[in-house]
Each structure stands twice: as C-alpha cells, then as structure tokens.
Amino acid sequence: MNGEIEVKGAKNAALKAVAAALLSREKWTIANLPKIEDINRILEMIEDLGAKVKRPARFESRSESGGSDKVEIEAKNIKKSRLSDKLAGKLRASIILAGPVLARTGKVSMPYPGGCVIGKRPIDLFIAGFQKMGAKVKWQNDHFSLSAKKLKGARIFFPKITVTGTEAMMITAVLAEGETVLSNAAMEPEIPALAEFLNKCGARISGAGTPTIKIKGVRKIRGGQTKLISDRIETGTFAILGALCGGKVKMKNCNPDHIRALLVNLEKAGARFKETKNELIAWGAKKINPVNVTTHEYPGFATDLQPPFTLLMTQAQGTSQIHDPIFDGRLMFTDILNSMGANISINDPHRATVHGPTKLRGRKIASPDLRAGITLLLAGLIAKGKTIIENIYQIDRGYEHIEERLQKLGAEIKRIEK
Ligand code: EPU
C-alpha cells in the first residue's frame, strides 16, 4: 500500500449533530458529513418527522463519488412524535432523536433501537436520565413512549460511562428548564465538538470533554454552520492498514491526537509514524511484535479499533491477548478470521488469545457488523487469493466509497454489485 487517503467526517459526530439539528427551528448547515448509510438513515428519519433536508448531488450514491459534503437541515415544524419503526430498527443511534423530539413536542415514541450484533445494547441509562428530567415513561411490548410538558434540569450520574447516553442527555438538557449536571460523563472528542457548536447556536454547556458537564437550559437554539471533526476510527483503521501492508500510507485531514492510545500500541508492534496536526504518515512494520491490549473509554484504546488490531496481531511473531470489556459480542468475528487461516482462541466473551503469525487465505465471507466488516476487508487485502465479502451494507454504514479510496493506495478491490 502506498499513497494518500483522505479521512472523512466522523460518523459518530455526524449522527449526533443531525439529531441536535432538531433542537432548532432555524437552518443548520453541516459540512464534512460522511456519505455513508447510517447518515442516510438518520436523515430519512428526521425527514419523516417533518424536518426539511437539502442534500447535495450524489450524496446517497454508493457507485458515484464526489460532490459536496454539506447538508442543510431545517426543523421549523416537527409534525410527528413517533419515530419510524422501520428506520429506528436499523440504527442503534436512533435513540439520540428521542430527546430533541421530546423537548420540541412534549412526547416521543419509538421501538427499542436496533443494531445489536456486537452484543447487548441496553437503554436503561437513557430511560433513567429522561425520567430524572421529568419525563414519564410507558412501555408497550418493545415500544416505549416518553412524555413531559416541560423538561427540567437534573443531576445525572452515569453508573457506567456511555457515549450516546452522555450526548443524549446533553442535547436534551439544552432546552430544559434550569441546570443539568452530568457526572461520570463520556469524554470522546465528538462530545466537546458538539457542545462547542451548540454553544455557538445559543446553548450554555460547559465541561464537555471532561467527566462533569453542566448545561444551563435556554429557550431557543439558533441556526448555524458547522464542520464535523474527522473520523478517528477511520484514521485508526488506516493506520493499522499501513502497519499491516507495508509501504507508506499518508492520512490527510485527520487528528492523530484522537488515536493516541492506538498509536502507542502500534509503535510497540513495530510500526513507525510521522505526524503533523492534521496528517499522519504510517510506515509498515518489517516485523510485527505481539502486543496485549485492553479497550477503554476515551482517551483509552477504542473498542471500535479492537477488530482491526486483532487482525494485525494475527501477523505478529508471537502470542497476544486482546481484552474488550465494553461490549460482549465484539470478538465473535474472530471465527471468520479463523476460517481464513488465523489462530485465535476465545477465552470468554471479552477475551481472546491471538497466536501469530498465521498466513491468511482468501474465501467467501459475510460482514457481520461495521467494524468487523472493515477488518475482514483488510484481512482480504493481506490474504493469499481472492476474498469475496457479502453483506457490505454493514461496511457502507460507516466507510464512504471504501473500495475507491483503497484502490488509490494500490488495493485490488472492486464492488461487484452496485
Ligand atoms: N450501556 C448500558 N446502558 C445504556 C447505555 C449503554 O448498559 O443505557 C452500556 C453498553 O451496553 C456498553 C457500555 O455501556 O457496555 C458503553 O456503551 P456506549 O453507550 O458508550 O455505546 P454507544 O454510545 O451505544 C458508541 C458508538 C459505538 C462505540 C461505543 C463505544 C455511536 C453511534 N456509537 O456507542 O460505535 O463502539 O460508543 O465507544 O456513537 C461504531 O461506530 O461501529 C460503534 C459501534
């Protein structure tokens, strides 16, 4: 692999920014929005609720790339308070829409959010937070509804650090009456980025990016323009690709600081990097050393980077231990790597031992989820022979025109069905 690859806007910042746009009756312009399926789904969901969305040409095309990455959203009127069953079932992040719809219309109902192949995805911390802010909760089979004439500020302690939970409570508290204090909040870089933009539009949020966030409720959120931060998981995935495939891979428009925990471990593994503020160059490791990692909330080693790191370890000269305590289904994809020739044993749902080095062989496989999917794609690049990956919707959920971007680095990869 040799050449340059541009890192796109952060999926997990984009989903939350689109949801937060519902807080305002005025127009929000969001730039650097990645052209991926999860964003298409959340835009469809807010349109279904009554928001007007203006997308540039080719925004939704998987076969044609290019065009602007700027989308305009205007949520003057929210006509519905029931989220589409079909769409909410496809996207775990749909729960982020509950707070803004509740704040704007006084009620919201939705199915239990979908997308749980990486393990159990409970929503108890969201429900508890909404209740603290004064919402009444009703369950009917697998649907729930929330109602509150007026949301009130509250003190919320998260017994477990939750990224979307922190963002959901922060967004909901913006239009609540009085002050909300979130403790043991998540610190992922997408959170201060969203808070900073909300503040430009009239919100009063302080402490985002630390474990304590304070939000003073305001009556109105104005329109505005924002550019999303780069996707740190894409950056990390491409850095691992650089380490795996040799050569020199330059990542443009990224923030190496956001993947520090990964870079430290990649250096231990033998990869070399050079960085500037918004670029990162990775040189492949001549010999890959085994490294043990444990995933952790930010600024620790991201769970979303565990699957490609585990793949890297299949090429290491020795045995490594991978511990992913955050979700209980994130190691299941290793079965597929084993079917390609890897030697990974699962010790329990959170722990795997990778015995390297192993030669991988290409074969026909299917992508179980987004991060496992991109990992299998990288495995296909280093495997001997041809690999066919099915269910690539799972990869298109989070990586924009991936085949085209990897072709530019020298990968032999093509989309078979458009
Ligand atoms: N949790 C609960 N109860 C809740 C909420 C979460 O027990 O009400 C638990 C989860 O089961 C998990 C832990 O808390 O064990 C942490 O989950 P978190 O809520 O932080 O995850 P999330 O917000 O649902 C986001 C990203 C994930 C990423 C995780 C961890 C989005 C849309 N998703 O999920 O990204 O893995 O944080 O960093 O922001 C991906 O992009 O592929 C992806 C899965």
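What number, in nm² with one decimal, is the all-direction average of the projected area of the convex hull of the alpha-carbon atoms of segment 147-250?
8.6 nm²
Distance between Cα centroids, segment 164-215 to segment 84-115: provide it in whole Å.
For segment 164-215 versus segment 84-115, the Cα centre distance is 19 Å.
Looking at segment 330-418, which GluC sites (Glu not before Pro) are DSSP coil and have at most 12 other C-beta atoms within 10 Å of their C-beta?
412, 417
If the only charges are +1 at each Lys and Arg Cβ and -1 at each Asp and Glu Cβ, what is the size of the charge dipole of the chain around the Cα centre, to the nearest 20 debye?
Dipole of the chain, to the nearest 20 debye: 900 debye.
How much net charge surrounds residue 280 when only other residues with a Cβ under 15 Å from its Cβ are counted (Lys, Arg +1; Asp, Glu -1)?
Charge balance near residue 280 sits at +1.
Place the peptides 368-377, 338-347 in order of packing, highest mean first, counting for every residue the other Cβ atoms within 10 Å and averaging per peptide.
Going from most to least packed, we get 368-377, 338-347.
Taking only Cα atoms of segment 203-356, what ratio of Rg to Rh do you get with Rh as the Kirkwood inverse-distance radius? Write down the numbers at each step before the final one.
Numbers: Rg = 18.2 Å, Rh = 17.0 Å.
With Rg and the Kirkwood Rh in hand, the quotient comes to 1.07.
Round to the nearest 0.05 the FRET efficiency obtained for residue 346 and residue 121 when R0 = 25 Å and r is the Cβ-Cβ distance.
Efficiency computed from Cβ-Cβ geometry: 0.80.
Equivalent ellipsoid semi-axes for segment 306-418, as square roots of 5 times the alpha carbon gyration tensor eigenvalues: give them largest first, rounded to whole Å.
23, 16, 12
Which whole-percent values make up P(r) of segment 58-163 when all C-alpha to C-alpha distances are grouped in 10 Å steps starting at zero?
12, 38, 32, 14, 4
Within segment 16-98, report the trypsin sites (Lys or Arg not before Pro) that DSSP leaves as loop and that have at most 12 other Cβ atoms within 10 Å.
76, 79
Where does the chain land at 222 nm, in deg cm²/dmol rounded to the nearest 500, when only DSSP H runs of n ≥ 4 count, each adding -39500 (n - 2.57), divided by all residues? All intermediate terms of the calculation are to be shown ahead of the outcome.
Values: 14 runs with 128 residues, N = 418.
Only helices count here, giving -8500 deg cm²/dmol.
Across segment 86-133, how large is the tail of the calculated P(r) beyond 17 Å, expressed as a percent of all Cα pairs?
Working: 381 of 1128 pairs.
Tail fraction, whole percent: 34.
Mind scanning 248/408; 70/150; 120/150; 52/136 and naming the pairs with a C-alpha gap bigger than 23 Å?
Checking Cα-Cα distances, 70/150; 120/150; 52/136 exceed 23 Å.
Tell me the trypsin sites (Lys or Arg not before Pro) within segment 108-190 that lie in a loop according to DSSP and have at most 10 other beta-carbon atoms within 10 Å.
Numbers: sites: 120, 132, 136, 138, 149, 150, 152, 155, 160; in loops: 120, 149, 150, 160.
Of the trypsin sites (Lys or Arg not before Pro), the ones in loops of segment 108-190 whose Cβ has at most 10 other Cβ atoms within 10 Å are 120, 149.
Compute the Rg/Rh shape ratio of segment 337-391: radius of gyration over Kirkwood radius, all on alpha-carbon atoms.
0.97
Taking 0.36 nm per residue of sequence separation and subtracting the Cα-Cα distance, how much length would be gained by fully extending the chain between residue 391 and residue 214, in nm to one decimal?
Values: separation 177, 0.36 × 177 = 63.72 nm, distance 4.19 nm.
In short, 59.5 nm is gained.
Figure the gain on full extension for residue 289 and residue 139 (residue separation times 0.36 nm, minus the Cα-Cα span) and round it to one decimal in nm.
48.9 nm
Subtract the Cα-Cα distance of residue 206 and residue 415 from 0.36 nm times their separation in residues, and report this length gain in nm to one decimal.
70.7 nm
What are the semi-axes of the equivalent ellipsoid of segment 38-80, taken as the square roots of 5 times the eigenvalues of the Cα gyration tensor, listed largest first and rounded to whole Å?
22, 11, 6
If you take the beta carbon distance between residue 227 and residue 272 as r and set R0 to 30 Å, what does 1/(1 + (r/R0)^6) give as a FRET efficiency, to the nearest 0.05?
0.45
Find the eigenvalues of the gyration tensor of the Cα atoms of the chain, then list the square roots of 5 times those eigenvalues as equivalent ellipsoid semi-axes, largest first, in whole angstrom. Write down the numbers at each step before the final one.
Working: eigenvalues 272, 98, 82 Å².
They are 37, 22, 20 Å, listed from largest to smallest.
Among 289, 218, 206, whose Cα lies farthest out toward the positive end of the dipole of the chain, if unit charges sit on the beta carbon of Lys, Arg (+1) and Asp, Glu (-1)?
Of the candidates, 218 comes out farthest on the positive side.
Where a number appears in this text, it was derived from the coordinates with a stated rule and is not lab data. Just so we're clear, the structure is a prediction, and the values are computed from it rather than from any experiment. Backbone-built Cβ (ideal geometry, glycine too); neighbour counts: all protein chains shown.
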